[in-house]
Structure formats: structure tokens, C-alpha cells
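Below is one structure, written out as C-alpha cells; the observations come after it.
The values are calculated or read from the model by the stated rules, or taken from the named source; none is laboratory data. Fair warning: this is a prediction, and the values are worked out from it, not measured in the lab. Virtual Cβ from ideal backbone geometry, glycine too; neighbours counted across all protein chains shown. Just the protein is used for accessible areas: all its heavy atoms, side chains included, with ligands, DNA and RNA removed. Shrake-Rupley method; radii C 1.70, N 1.55, O 1.52, S 1.80 Å.
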Amino acid sequence: MTGSTSTITPDTHSVPGAVAAAETPTIDLTDLAGLDKFTATATAMARGARPDYPRWLRHVHSAAGCTQPVRLTGRIRSRTVNTQTGQIISETPAVSTTGMPDGVIYKACGNRRASVCPSCAEIYRADAYQLVAAGLKGGKGVPDTVGGHPAIFATLTAPGFGIVHTTRTNKKNKPAPCRARKTPDLCAHGVDQRCMRRHQDGDHQLGQPLCADCYDYDHHAIWNSQASELWRRTTIAANRLLTRYAEDHGHIDKARISFGKCAEFQRRGLVHFHILARFDGIDPDDPDAVIPPPAWANTFLLIWVLREAVQRTRFQTHGLVLGDHHGHQLVHQPNGWPMSWGTQVDIRPVRVRGDDPLTEQRVSQELDHTGRRRMLSGNAVAGYLAKYATKATEAAGHSSRRLTPSTVDYYATNTHPGRIIGACWRLGARGLQTTTEWKTTQYYRLRRWAHMLGYGGHFFTKSRRYSTTFRILRKARVDYRRAHHERQEHLEENEHIETIAELVYAGTGWHTTGDALLANTAAALAREHRYTARLEMATTG
């Protein structure tokens, strides 16, 4: 094979794009078993030299961009059905996956976290954008009249549990010292609480406590774990305030608050929420209908209701006293921990009509300067929420999968995120409680979500009537692909193909790093091909 070149992306009709391989060494490129599966170059060239490579590339096309695809084995059969009568027109015999390339079917993992799988996270981000935008402008089953509903964008933060490094600006909007003091400010542990540095974005000290021993890591972990419950109570309080306002002012027409919410981790390891809320009217004959709100339900009332609900919502968690079999006291908090929102609450009206482009710098600037009441673009807010729906704890300096007793010690270190993980693991211990008693507490899930710094809620949620659902968006994508396939099969108008699969889990990930390289490259070229085609259509159209 010396001195030859081979095309590693052959069929440009099935997978757009082609790349030529470099000169290959004198080795047997058709035998994958004789190569180290972790050697990307050798295994990639070996796969590309095999005669079934074009078939393999078409086979993995649906999961080509995924970093950790799920491998499935079993049998698949299909049949053509008349959609009007339900009659089975034709049926193909069952096909085993053993006759397919690699003997498995590859399915994309569908992970929403960009740090785990960028390709699947991008699909999730696009779906999240469509979901949020539909709740603002209509479409996807939402009436277009929502574009005229009063809407606001709110950011709710956590309280402080200790002094941390942060960025500050002076009156001229220029960087100021983190924590300037003329004289030493010693804490109970003898640590000077002054910091004269002007921190910039990307500084590793941002979010870190000035004294880790003074920082209340237990309360920090509990707040993260109960943040979703705090928001649930806030929505209840907001709707009660709205109902009371309507009754006090003699309004007969009713209104409700619909919302979409995205969670984001701050650098200090605390979760905070971005909320996009709007007023809807209520039709007594059809409570599920989305109709314009009454005239009295305006933007100013929505801002007041949400701000009052945030200030009033607070509760005390259950008490927690834990000990071990040796008589040592692990946790002693008999009165529990107080739960409330932080003082930094930013609520702004949203302008639905507008085509302002989304840039992270512009949106962040608008959201950070709370002293100026500016109206945000609906498109910008939708993109902002969708972007953060694919992130997790990376901003806090931690990223891992679910922790176990055998792996927690690698992460529960003396670093700031490590101490939060350690607090989650300690507070979530069963202690001397029975399993039944332990599962009735508010804390037993802390160990399960220690890798998320205690936060176990969804990163993107919405009220039922705000917009469409992820399930509907994914079904529409599947229906589109199925219709495209049926057009290629030249079916009649009332015919469609049903696929019946009996599959079991066989593993996760690509067989070799070379396979991952080839599949991901083919997917990247396909995306570039589609993007170029869209630009060409927009230019010529």
C-alpha cells in the first residue's frame, strides 16, 4: 500500500464531503483486530481501506457526530401499512444486526451537555431555542398572538454563603479592586479578607472564597439541592398574588403567568435561574387555550408580581442530625437551613418584535448592569437561554459523571468545588437512619447529585402552556426523516412504513478511536455542506 492514497469519505451523496488520506505505511490496513484500538491514525486508515467502508459510513451516519453513541443489537423488521384501513400491504422478514457493519446499530447518546457530546448538545440547543422562541413569537402549535403578550426576563440568584472573589466596577464603569480595605480585615481563622486585585474574566480566583474555613459549604450544598423547590413555591406565590390583585381591583377577567426557566451555574458553584415569563388570559370554556391577557395585566404588573413573590418566598428545610456507629456526630443542624433568594434580582421587559443579533458579550453586558432598565430583544433572550441549557458545572471548575463511593475521593478535595462535593456526600449519608427514614428526608438525594454540586433539577423547564414540548419537536424531526425515506421508496399517498425493532443494549462508544475520528469528521463535513447549501440558497433566492 506504500505510495497510494485512499478516499476516507467516499459516497458524497449519502454523506456530503470527501477527504483524502495521507500516505499509508506498509501495514495490513484491512485487519482491525491486529491494531491498537486507541491509535487513531492506524485504525482510521485500516477502517478506510476495508471494502465495506462506504457501507459502514452510511450505517453510522445518524450517529456520526456523537462522541459516545449507544450500540444496540437485535432484530429489525419493517412493513408497509395503509394509513386509512390499517391493512398490512407488505412485510419484510426480520433482519439481524449481526449482518450489519460492526454487528450493531449506532444511536446518538442525546446528551444535552456540550462538555460531554457537542453534537447532541447542539441539537438540544436548537430545540431549546425553538421552544423558547415559540413561547415568545408563536409557531410550533402556539398561536401568533403571544407576540403581543406582556413578557419579562428575570434573573434570580442565590444568597451569599461567604466572601468570594468577584469582579467590580466603579462609577465610570472601569475595573475596581475586588475587596479594597485600608486596614487588614482578619477573619476568625486569621485570614486577611482584603483583595486589591482587579479580576478579569477567566481569572481562576473568581468565585473562590477568600477563606474556605469561613465559607458555609453545608448551606451552599443544601441551597443547590432545594433551589427547584424554592422556585416551585415562588410560582405558587406569584399566581396567588395575581389572583388577589384581580379580586381587590374588581377584575372579572382572569390571567395567569406562563414561563420558561433555565438554570445556570455561577463561578462560585451556586445555581441561579433565568426566567422568561409572560401573561396569558384564561378562557373559562377552554382552560388550556392560550389567549391574550386582559388589559389590566400589563408588563408593570408582571414585574411587580414576580418581584414581590421572590421577596416573600422563603422556607426552612427539615432538621438534620447525623451520627455514625462509633458515636461521632457527622451533622448537627436540628433546625434545618433557611431557604430564600439572594438580593440580586434583575427583571426586565422583553421586546418581542425585533431582529437584534445575539452576541454573548452584548447580552451579558445588558444582564449584568442592573442599574439601567433596558428592554431586551426576544430573539436575544431565546438564544441566551438555549445556550445555557447545554451547560452544567463547568463554570464552577468541575465536570464529572455520577459519583460512587469508589470515585468520590478523587473529587472531594480541598478545592472549592471539591469541598461542595464533600458537603453533599456528608449531608447525604444515611447515618443511623433506616433506609425508609432516610428516603423521607430532603437530603437523601444529595449523594446522587454530588457531581452536580447538589443540584438535581432540570436545567430547562417550562410551565405546561408556555410553549410546545421537546417530545413534539423530536417527533417532528423523526416524521420529516421518515417522510423523506418514504419518498425515496415511491410509496402511494396512503401508505407509510412501520419499523419494529427488538434491540438490547450492547455498549457505549465507538469501537476504536479511528472510527470516532472518521465518523465525527464525516458529520462535520456534512454540517458544513448543509450550511454552505443554505447560504447558497439564501444568496440566489
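At what distance in nm do the modelled label points of GLN68 and ARG534 sit from each other, each positioned 7 Å from its Cα along Cα→Cβ?
Going by the 7 Å Cα→Cβ label model, 2.8 nm.
Just going by the charge dipole of the chain, with Lys and Arg at +1 and Asp and Glu at -1 on Cβ, which of ALA526, ILE282, LEU210 is farthest out on the positive end?
Highest projection toward the positive end goes to LEU210.
Could you tell me which residue out of ILE472, PHE460, TRP449 lies farthest along the dipole of the range 436-500 toward its positive end? Charges go on the beta carbon: Lys and Arg +1, Asp and Glu -1, centred on the Cα centre.
Projecting each Cα onto the dipole axis, the largest value belongs to TRP449.
Using a Förster distance of 41 Å, how high is the FRET efficiency between ASP52 and GLU122, based on the Cβ-Cβ distance and rounded to 0.05? Don't jump to the answer; show the numbers that get you there.
Numbers: r = 29 Å, r/R0 = 0.72.
Approximately 0.90, to the nearest 0.05.
R0 = 22 Å: FRET efficiency of LYS439 with ARG232, Cβ-based, nearest 0.05? Working shown, then result.
Details: r = 20 Å, r/R0 = 0.91.
It comes to 0.65.
With r as the distance between the Cβ atoms of ARG477 and ASP192 and R0 = 51 Å, compute the FRET efficiency 1/(1 + (r/R0)^6) and round to 0.05.
Working: r = 57 Å, r/R0 = 1.11.
Once the sixth-power term is evaluated, E becomes 0.35.
From the residues ALA94, THR167, TYR384, which one has its Cα farthest along the dipole of the chain in the positive direction, the dipole being from +1 and -1 charges on Cβ of Lys/Arg and Asp/Glu about the Cα centre?
Most positive-ward Cα: THR167.
Give the accessible area for CYS195 in Å² (nearest 10); use a 1.4 Å probe, count only protein heavy atoms, and leave out ligands, DNA and RNA.
Surface open to solvent at CYS195 totals about 10 Å².
On the protein heavy atoms, probe 1.4 angstrom, tell me the percent of accessible surface of the chain carried by carbon and sulfur.
52
Could you please put MET537, MET196 in sequence from largest to smallest accessible area, using a 1.4 Å probe? Please list the in-between numbers first.
Values: MET537 135, MET196 110 Å².
Greatest to least solvent exposure: MET537, MET196.
With all protein chains present, calculate the accessible area of MET452 using a 1.4 Å probe and round the result to the nearest 10 Å².
Accessible area of MET452: about 10 Å².
Would you please give the residues with an amide H less than 5 Å from that of CYS195, counting only those at least 5 places away or on a separate chain, with H modeled from the backbone geometry?
When sequence neighbours closer than 5 places are left aside, the close amide H contacts are ARG179, ALA180, ARG181.
Would you compute, from DSSP H runs of 4+ residues alone, the mean residue ellipticity of the chain at 222 nm, taking -39500 (n - 2.57) per run and dividing by the full residue count, rounded to the nearest 500? Walk me through the intermediate numbers first.
Numbers: 12 runs with 171 residues, N = 541.
Rounded to the nearest 500, the figure is -10000 deg cm²/dmol.
Return the sequence-ordered ³J(HN,Hα) values of the range 507-523 in whole Hz as given by the Karplus equation 6.51 cos²θ - 1.76 cosθ + 1.60 applied to θ = phi - 60°, using x for Gly and Pro.
3J(HN,Hα) across the range 507-523, in whole Hz: x, 10, x, 6, 5, 9, 5, x, 4, 4, 4, 5, 5, 5, 5, 4, 5.
Holding the Cα-Cα limit at 32 Å, pick out from LYS107/LYS387; LYS140/LYS254; LYS254/LYS439; LYS261/LYS439; LYS261/LYS475 the pairs that are longer than that.
On the way: LYS107/LYS387 24 Å; LYS140/LYS254 25 Å; LYS254/LYS439 40 Å; LYS261/LYS439 28 Å; LYS261/LYS475 23 Å.
Long pairs (Cα-Cα over 32 Å): LYS254/LYS439.
Figure the gain on full extension for LYS171 and HIS204 (residue separation times 0.36 nm, minus the Cα-Cα span) and round it to one decimal in nm.
Working: separation 33, 0.36 × 33 = 11.88 nm, distance 2.54 nm.
So the chain would gain 9.3 nm between LYS171 and HIS204.
Give, rounded to the nearest 20 debye, the magnitude of the charge dipole that the range 227-309 has about its Cα centre when Lys and Arg contribute +1 at Cβ and Asp and Glu contribute -1 at Cβ. Present the calculation step by step, with values, prior to reporting the outcome.
Details: 11 positive and 11 negative charges, 132 e Å.
Charge dipole of the range 227-309: 640 debye, to the nearest 20.
Show ILE303, ILE472 ordered by accessible area, largest first, where the area counts protein heavy atoms only and the probe is 1.4 Å. Provide the component values of the computation, followed by the final result.
Values: ILE303 35, ILE472 80 Å².
In descending accessible area the options line up as ILE472, ILE303.
Do you know the relative contact order of the range 385-541, to the nearest whole percent, from alpha carbon pairs under 8 angstrom that are 6+ apart?
Values: 64 pairs, mean separation 25.8, N = 157.
Result for the range 385-541 is 16 percent.
Enter the Cα centre distance for the pair the range 475-531 and the range 110-144, rounded to the nearest angstrom.
20
Tell me which residues come under 5 Å, amide H to amide H, from ALA151 once H is placed; ignore anything under 5 positions away on its chain.
VAL350
Which residues in the range 62-91 have a backbone N closer than 12 Å to a point placed 7 Å from the Cα of GLU498 along the Cα-to-Cβ line?
Counting only backbone N, you get 78-91.
Calculate the spin-label point distance for ASP286 paired with ARG487, positioning each point 7 Å from the Cα along the beta-carbon direction, and give it in nanometres.
In this crude label model, ARG487 to ASP286 measures out at 3.2 nm.
Please express the shape of the chain as an equivalent ellipsoid: the semi-axes are the square roots of 5 times the eigenvalues of the C-alpha gyration tensor, given largest first in whole angstrom.
Details: eigenvalues 416, 231, 130 Å².
Ellipsoid half-lengths, sorted descending, are 46, 34, 26 Å.
Can you tally the net charge around TYR505? Count Lys and Arg as +1, Asp and Glu as -1, for every other residue whose Cβ sits under 12 Å from the Cβ of TYR505. Don't skip to the end; give the middle numbers.
Numbers: positive: ARG71, LYS107; negative: none.
Overall, the nearby charge balance is +2.
Under 1.5 on a/c is rounded, so check that first for the range 449-541, then, if it is not, pick prolate when a/b is larger than b/c and oblate when it is not; a ≥ b ≥ c are the square roots of the alpha carbon gyration tensor eigenvalues.
Cα axes put the range 449-541 in the rounded bin.
Can you work out the Karplus-derived ³J(HN,Hα) for every residue in the range 246-255? Use 6.51 cos²θ - 1.76 cosθ + 1.60 with θ = phi - 60°, whole Hz, and x for glycine or proline.
Karplus values, whole Hz, x for Gly and Pro: 5, 5, 5, 9, x, 7, 7, 5, 9, 9.
Under a 5 Å amide H to amide H cut-off, with H placed in plane at 1.01 Å, what residues pair with VAL290 once short-range neighbours are removed?
It is none; the list stays empty.
Can you work out ³J(HN,Hα) from phi for every residue in the range 332-344, in order, using Karplus 6.51 cos²θ - 1.76 cosθ + 1.60 and θ = phi - 60°, giving whole Hz and x for Gly and Pro?
9, 9, x, 9, x, 10, x, 10, 7, 7, x, 7, 7
Counting alpha carbon pairs within less than 8 Å and at least 6 residues apart, what relative contact order, in whole percent, applies to the chain? Mind dumping the intermediate values first?
Values: 951 pairs, mean separation 126.8, N = 541.
With pairs under 8 Å counted, the relative contact order is 23 percent.
Find the accessible area per residue for the range 144-236; the probe is 1.4 Å, ligands and nucleic acids are left out, and the unit is Å².
Details: 4730 Å² over 93 residues.
Dividing the accessible area of the range 144-236 by its residue count gives 51 Å².
Just to be sure I understand the model, the point goes 7 Å from the Cα along the line to the Cβ. What's the resulting ARG314 to ALA506 distance in nm?
5.9
Using only the heavy atoms of the protein chains and a 1.4 Å probe, how would CYS187, CYS214 rank by accessible area, largest first?
Values: CYS187 25, CYS214 60 Å².
Sorted by accessible area, descending: CYS214, CYS187.
Only Cα pairs under 8 Å and at least 6 apart count here; give the relative contact order of the range 199-270 as a rounded whole percent.
On the way: 21 pairs, mean separation 33.2, N = 72.
Computed value for the range 199-270: 46 percent relative contact order.
For the range 37-89, what does the alpha-carbon gyration tensor say about shape, rounded, prolate or oblate, given a ≥ b ≥ c as the root eigenvalues, a/c under 1.5 as rounded, and a/b over b/c as prolate?
Working: a/c = 3.67, a/b = 2.69, b/c = 1.37.
Here the range 37-89 falls in the prolate category.
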